[in-house]
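*Asks:* Please see the structure below; I have some questions.
The values are calculated or read from the model by the stated rules, or taken from the named source; none is laboratory data. Worth saying up front: this structure is predicted, and the values here are computed from it rather than measured. Using ideal geometry, Cβ is built from the backbone for each residue, glycine included, and neighbour counts are taken over all protein chains shown.
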Protein chains: 2
Amino acid sequence: MAAQNLRTPGPTPLPPSVREALARDMVNHRGPEFAALLRECVDGLKWAYQVAEHDVVILTTSGTGGLESLVANTLSPGEHLLVASIGNFGERMGQIGRVFGAHVTQLDVEPGHALDPEMIVDTLRADPDIQTVFFTHNETSTGVLNPLRDLAAAVRALRPDALILVDGISSVISVPIEPEAWGCDVVVAGSQKGWMAPPGLAFVSISPRAWQRQARSTLPKFYFDWQLARRSADSGETPWTPAVSLFYALQAGLRLMRAEGLEQIFARHERLAQYTRDGLADLQVRLFADPRFASPTVTTAWLPDGVNGKALLTALDERHGVVLAGGQGNLSGKIFRIGHMGWVEQAELDAVLHALQVELNSSRATSVAAR
Amino acid sequence: MAAQNLRTPGPTPLPPSVREALARDMVNHRGPEFAALLRECVDGLKWAYQVAEHDVVILTTSGTGGLESLVANTLSPGEHLLVASIGNFGERMGQIGRVFGAHVTQLDVEPGHALDPEMIVDTLRADPDIQTVFFTHNETSTGVLNPLRDLAAAVRALRPDALILVDGISSVISVPIEPEAWGCDVVVAGSQKGWMAPPGLAFVSISPRAWQRQARSTLPKFYFDWQLARRSADSGETPWTPAVSLFYALQAGLRLMRAEGLEQIFARHERLAQYTRDGLADLQVRLFADPRFASPTVTTAWLPDGVNGKALLTALDERHGVVLAGGQGNLSGKIFRIGHMGWVEQAELDAVLHALQVELNSSRATSVAAR
């Protein structure tokens, strides 16, 4: 285990081989070494995304830039976009859509809950102009995994040609997702989540239907233009100078993951998530997310009564080297979050649970004493 | 010297301390370690940019994303933008402006030449609606350094409130530039050029005048929104997950550069550029750029008659480990380029010049034999 037990839901700790890869010197990004690197990364991503027909492009940007690319590449001004939000990152997609001039209908679900396909059907029926629907697969801010397959099927049944856009930033590679089989046209992911790599790269899988839409979309796009990225990738390049070091890291992370196997990775995440939830329950900590949809990559829990979130996180960090995340937006000061995606094993979660036990006992003792 | 003598005009080789920094494990990007890292990087950038009043923001993107941020943050649809292009990267800025809906007037100068302030004055006189002017400081594709101070002064004399935008991607930190003293409102730079760091970060200096313009600009901006970046930086964060590893590298590179000193860095670049030009002249290679404006960071030269550019670059790489760049666009197959910015000393250029001598003699011998 590293000196610090970084258990935020991204960035995630880096395995030794990834750190070694990061330390490699530069190469010409228009030369044969980078072309081979890019090809191996794209192949690995297609393996992780489980796609054959869909393309995957790599953008030098963080996840939010990836989300922006969804809007800029698929929509034209005034087109109707349904953003089905279950938390902070769904909300962000709504903001981007509005900033770029889409007509956004935003569904908001109570934080901690998943989307119900019936809600989607009702919303689509009410607006026949919605031809683009956005879902968050795994909402990092609330620790909820949406039933994406059912949601996509509900859209597809009612509106066969609609474009389905998915934020898979904290799900792809950690949680089963099959964009082709499920009919998800576009799925964005981010290197700092389950990929055992640092932040700075976003990945986007793109269906033939999405390419057709891209060709006629008129929102302004240049840096994030998927078409330019695909065309350059065909000749082993990126249109703009890529973050070469992060490609080295991605390559090293993908090699580790391919050695582990996709099913094994999914099972590990599911097992460690259950282990975390069970451990929190043993500590009498109340889980935040609806248990039927609890995320395999991030666990959220209510702060116990009388426990100050900021003080708890600081104590965990300073006394135990355990770094957790607080709540975002309205959930700030109410919940805390434990990330368990990417390069993580049970030992790290044992350390988290023990540190929590010590600090919560200490807080509760203080809280009782103060009464 | 590293195994490969990477002499493209970016990415540039990484010093050992930068490579060590890249190998560091992740930290929470919303925690105190990252806040300290960000503050040191911003302080170092302000030192390199020689600015006190202007802000500097850091974006996780490559240089082209930085250029896009200039358009998105300063313009509104239909506003007139003068793009004074002297090569491929000026041309790119014109493209971005058109894609985003600005009314672009593009001046094109014959490749290899610099801009003449008189041309700018004439163009501005012809269109009183131009309130935004873009210059490339150092054109990486042609190896030309524009007389930026004179150009900015010419604009300012005629149109005092105009916004002056500068592509300083291959100039800032390697070549003297004083955004405040020269009246350059916005200057963008890229981490893979003179900064001794890998690609993936763009830096933007922003004047008070540019902030006023930003507040009323209506082109769509979200990921590249400077205002969000500045607001987050005030609390030691970035609005979106930053490429943490690249910030480590930037910090390490800045420490080396501060130890060397700004004047010393400028002098080293000027000296090595002259050394390269002299060495090429000794080899009877004709320089491409107008000698009055030859770049301190990249030297361009005509391929000698009968020499195939691709074959020359391949021979240099395979037989000598020397990696140079060819021409871009219309200059492909006509010129070659030698980068000498960032972490570079005379020994690397001696190796380039010797390798060139060997391979050019060999090509010329073949060329003579073939007659």
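*Asks:* Hey, residue A:220 hits all of (1) touching a strand residue (DSSP E or B) at 6+ places or on another chain (Cβ under 7 Å); (2) within 17 Å of residue A:100 (Cβ to Cβ) but one; which does it fall short on?
*Replies:* (1)
*Asks:* Can you tell me which residue within the stretch B:329-344, out of those that are within 13 Å of chain A (Cβ to nearest Cβ) and assigned to a loop (DSSP other than H, G, I, E, B), is nearest to residue B:310 (Cα to Cα)?
*Replies:* Taking the candidates together, the pick is B:332.
*Asks:* Have a look at B:229, B:210 and point out the one that is at pLDDT 95 or above, more than 21 Å from residue A:249 (Cβ to Cβ) and away from every other protein chain (no Cβ under 14 Å).
*Replies:* Just one listed residue meets the conditions, B:210.
*Asks:* Could I ask something else about it? Can you confirm whether residue A:121 is part of a helix (DSSP H, G or I), farther than 26 Å from residue A:298 by Cβ and assigned by TED's automatic domain parsing to the domain that holds residue A:238?
*Replies:* Judged against the criteria, residue A:121 is a match.
*Asks:* Okay, moving on. Got a sec? Which helices (runs of 4 or more DSSP H) wholly within the stretch A:192-298 have at least 2 residues that are under 22 Å from residue A:54 (Cα atoms) and within 20 Å of the chain's Cα centre (by Cα)?
*Replies:* Counting at least 2 such residues, we get A:244-260, A:262-282.
*Asks:* I want to confirm something. Restricting to the stretch A:2-17 and keeping residues that are of a type in the set (A, V, I, L, M, F, W, C) and within 7 Å of chain B (Cβ to nearest Cβ), which single residue is surrounded by the most Cβ atoms within 10 Å (Cβ to Cβ)?
*Replies:* My answer is A:14.
*Asks:* Tell me the residue from A:99, A:104, A:83 that is touching a Leu at 6+ places or on another chain (Cβ under 6 Å) and free of Cβ contacts under 8 Å to residues at least 60 places away in the same chain, please.
*Replies:* Of A:99, A:104, A:83, the one residue that is touching a Leu at 6+ places or on another chain (Cβ under 6 Å) and free of Cβ contacts under 8 Å to residues at least 60 places away in the same chain is A:104.
*Asks:* When the stretch B:1-50 is examined, which residues are found to be over 17 Å from the mean Cα position of the chain (by Cα) and of a type in the set (Gly, Ala, Ser)?
*Replies:* Once the filter is applied, which keeps residues that are over 17 Å from the mean Cα position of the chain (by Cα) and of a type in the set (Gly, Ala, Ser), the stretch B:1-50 yields B:2, B:3, B:17, B:21, B:23, B:31, B:35, B:36, B:44.
*Asks:* Name the one entry in A:183, A:190 that is in contact (Cβ under 8 Å) with a residue 24 or more places away in the chain, surrounded by fewer than 24 Cβ atoms within 10 Å (Cβ to Cβ), in contact with a strand residue (DSSP E or B) (Cβ under 7 Å, 6 or more places away or on another chain) and not polar (S, T, N, Q).
*Replies:* Matching residue, one of A:183, A:190: A:183.
*Asks:* Does residue A:74 satisfy being more than 12 Å from chain B (Cβ to nearest Cβ), buried (at least 23 other Cβ atoms within 10 Å of the Cβ), over 17 Å from residue A:247 (Cβ atoms) and at pLDDT 95 or above?
*Replies:* When the stated conditions are applied, residue A:74 passes them.
*Asks:* Looking for whichever is of a type outside the set (Val, Ile, Thr) and not assigned by TED's automatic domain parsing to the domain that holds residue A:65 here; the options are A:213, A:231, A:268, A:209. Which one fits?
*Replies:* So the residue among A:213, A:231, A:268, A:209 that is of a type outside the set (Val, Ile, Thr) and not assigned by TED's automatic domain parsing to the domain that holds residue A:65 is A:268.
*Asks:* Confirm whether residue B:174 is in a strand (DSSP E or B) and touching a helix residue (DSSP H, G or I) at 6+ places or on another chain (Cβ under 6 Å).
*Replies:* No, not satisfied.
*Asks:* Follow-up. Scan B:347, B:325 and give me the residue that is surrounded by fewer than 21 Cβ atoms within 10 Å (Cβ to Cβ) and touching a residue at least 60 places away in the same chain (Cβ under 8 Å).
*Replies:* B:347
*Asks:* What residue, of A:20, A:53, A:40, is touching a residue at least 12 places away in the same chain (Cβ under 8 Å), within 13 Å of chain B (Cβ to nearest Cβ) and either surrounded by fewer than 17 Cβ atoms within 10 Å (Cβ to Cβ) or under 15 Å from residue A:97 (Cα atoms) (or both)?
*Replies:* A:20
*Asks:* Here is a further query. Which of (1) surrounded by fewer than 24 Cβ atoms within 10 Å (Cβ to Cβ); (2) among the aromatic types (Phe, Trp, Tyr); (3) touching a helix residue (DSSP H, G or I) at 6+ places or on another chain (Cβ under 7 Å) is the odd one out, the single condition residue B:211 does not satisfy?
*Replies:* Condition (3) is where residue B:211 drops out.
*Asks:* If you don't mind, there's one more thing I want to ask. Report, ordered by the first and then the second residue, all pairs with beta carbons closer than 7 Å, sequence separation of six or more or different chains, a first member in the stretch B:116-139 that is surrounded by 18 or more Cβ atoms within 10 Å (Cβ to Cβ), and a second member that is of a type in the set (Phe, Trp, Tyr).
*Replies:* Pairs that qualify, where the first residue is surrounded by 18 or more Cβ atoms within 10 Å (Cβ to Cβ) and the partner is of a type in the set (Phe, Trp, Tyr), are B:136/B:89; B:139/B:89.
*Asks:* A further question on this structure: Taking the stretch A:233-265, which residues are surrounded by 19 or more Cβ atoms within 10 Å (Cβ to Cβ) and of a type in the set (S, T, N, Q)?
*Replies:* A:238, A:241, A:245, A:251 - these are the residues of the stretch A:233-265 that are surrounded by 19 or more Cβ atoms within 10 Å (Cβ to Cβ) and of a type in the set (S, T, N, Q).
*Asks:* Can you tell me which residues in the stretch B:86-111 are away from every other protein chain (no Cβ under 14 Å) and surrounded by 22 or more Cβ atoms within 10 Å (Cβ to Cβ)?
*Replies:* Listed by number, the residues that qualify are B:86, B:87, B:90, B:111.
*Asks:* So, one more: I'd like the full set of residues that are within 13 Å of chain B (Cβ to nearest Cβ), of a type outside the set (Asp, Glu) and more than 20 Å from residue A:146 (Cα to Cα), limited to the stretch A:310-328.
*Replies:* A:310, A:313, A:314, A:316, A:321, A:322, A:323, A:324, A:325, A:326
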